[in-house]
Amino acid sequence: MLRRLVTPALLTAGALGAVVTAAVPAAADAPGEPPQTQDIVAELEDDGVFVDPSIDVIPAADVAALESVSAGADTPVYYVALPSEAATSEAGVNAVMEPVMAEVGDGAYGVLGGSENFFVTSPNLEDTEAIRQTALDEGGQNPIDTLAAVPDAVQSTETADEAPAGGGGSGLVLLAVLVLIVAAGGWYVYNSRKKREAEKAKQLEEIRKMATEDVVRLGEDVARLEIDLSAVDEETRNDYSRAMDSYDRAKSLLDTIQEPEQVKSVTGALEDGRYYMTATRARMNGEPVPERRGPCFFNPQHGPSTEDVTWAPPGGSPRSVTACAVCAQAVRTGGQPDVRMVEVDGERRPYYDAGPAYSPYAGGYFGMNMMAGMFTGMMMGSMMGSMMGGGMMGAGEDMGGGDFGGDMGGGDFGDFGGFDF
C-alpha cells in the first residue's frame, strides 16, 4: 500500500546574492500532462533517475551524480523530477508514483515537482517525513544536495528506529554512526559547492571574454568614425558624446564583473553606444535618424535592427525576431544570417543556445519584453520563467544564473536558482 506522502513545503527561491529563482519549464505537451508510467519505470530500473523530457535545464553532470548516488545507496533510492504542474499536491504525486512504485518496488523515492515542491514517498519505509526533513537539513538551499542526501537520511532514520530504548553502549554506537553520517554529508556538500564554484568561475571567464569582444568591436567602430566635432551641429556632437560615454561605461563595467549575471550592465551600455553611433552616422550623412529599435537578434554586434523577420531555429517553431538589414536579407533568401557564436565547453554554439548562464548577456541587449517573444522555445527561452520571476531583466534588480542549473541554488540542476525550505 502506498505510504502517506509528506505534505510538500513551498520551496520559495531564496535571494542568495544575485541568484534567480529557477522555474522548471512547462512540459512540451498539454499543460499538466504527467509523464507515462512506463517511461518513468524504464529510467528508474536502468539508472535510478528519471527527469521529465520537458526539463532541459538540469546539467548532465548533476544527473550523472544522482545516478551514482542511487547506485551506491544501501537502501534502494530513486529520483524523479517532474514538471511543476504534475507534482503540486499529494494527490498529483500519488497519481504519478503509485503505479511506478508498484512496478519498480521498495525503496525511497525523492520527487521534485518543478522547483517548488519536494516529496519523499515509499511503499515500504515507515517515516518518510523524517527522511524528507533530514534530507532538507543536509541539502540546505540546494535541491541537488538535498536529493543526494536522501540515502543518508534513510539510513539515519532506520538507525534511529532500530536503536534499543536504553543502554549506554548502544547510545554511544548510535552517536558514532550519526557523527559519521554528518561528516559524510558535510564532505559531500563541501565537494558539491567546490564543483559549483569551479563551474561558475569557468562561466564567468567565458562570459567576460564574450563581453570583451563586443566592447573591442564597438571601440573599433568608434575609432573608424572620422568626425570633426567643430564642424558638426550640436545634435551630432551630442549623439557622438553619448556613444563615447556608453563605450567608456562598458569598458569600466567590464573591469568590475565578479558574477556572470553582472554582464547585463555591460551589454546594456553597449546597446546604447551602438544606437548613438548609428544616429551619429545618420546625422553626418544628412539622413533621418532611425527610430530606436532592439539590436540584431542574430548578432547584437551588428547594432540596431532595421526590421522584424520571421525565422525558425533548427528544429524549432517560427517566431518574429529583430534583424539588421544584412541578416534580414539572408533570412528572406534562405541563407544563413551571421549568428553570434560563443565557445561553451570547447564547442562553438549560437549565443542564444549556450544555456542559462548567457541569459544576462542577452538581457542587457534586449530587455525582458523582447526576450519573452524572441527566445521562447529555445534553450535560453526555457529560462524565461526564472528571469522574470527573479527580476533578472528588471531595471535596478539583481540578475542570477542560479542552480537546479549551475546551482539550483546560488547558481543546481545547473546554476539556476536555489530554494528556501
**Q.** Segment Glu307-Asp228, length gained on full extension (0.36 nm per residue, minus Cα span)
**A.** 25.3 nm
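Antiparallel as a % of all DSSP beta bridges within the range 37-196, to the nearest 5? Show your work: numbers first, answer last.
Working: 5 of 14 bridges.
Of all bridge pairs located within the range 37-196, approximately 35 percent are antiparallel.
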**Q.** Full-stretch length increase - Met341, Glu220 - with 0.36 nm per residue and alpha-carbon distance subtracted
**A.** 41.6 nm
Q.
Explain nothing, just compute: Karplus ³J(HN,Hα) = 6.51 cos²θ - 1.76 cosθ + 1.60, θ = phi - 60°, for every residue of the range 303-313 in order, whole Hz, x for Gly and Pro.
A. x, x, 6, 10, 6, 9, 10, 8, 9, 10, x
Q: Label the range 204-389 by shape, choosing from rounded, prolate and oblate, from the square roots a ≥ b ≥ c of the eigenvalues of the Cα gyration tensor; if a/c is under 1.5 it is rounded, and otherwise prolate applies when a/b is larger than b/c, oblate when it is not.
A: oblate
Q | Amide H contacts of Val344 (H built 1.01 Å from N, under 5 Å, at least 5 apart or other chain) | A | Arg349
Q | Calculated FRET efficiency for the pair Asn238/Asn191, C-beta based, R₀ 60 Å, to 0.05 | A | 0.60
Q. Which lysines, on any chain, are close to Lys209 with Cα under 16 Å apart, when same-chain ones fewer than 8 places away are left out?
A. Lys200, Lys251, Lys264
**Q.** Additional length obtainable on full extension of the chain from Asp74 to Asn285, 0.36 nm per residue less Cα span
**A.** 68.4 nm
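Compute the relative contact order of the range 204-389 as a whole-number percentage, counting only Cα pairs closer than 8 Å that sit 6 or more residues apart in sequence.
20
Where a number appears in this text, it was derived from the coordinates with a stated rule and is not lab data. Source: prediction; values computed, not measured. Positions of Cβ are backbone-derived with ideal geometry, glycine not excepted, and every protein chain shown enters the neighbour counts.
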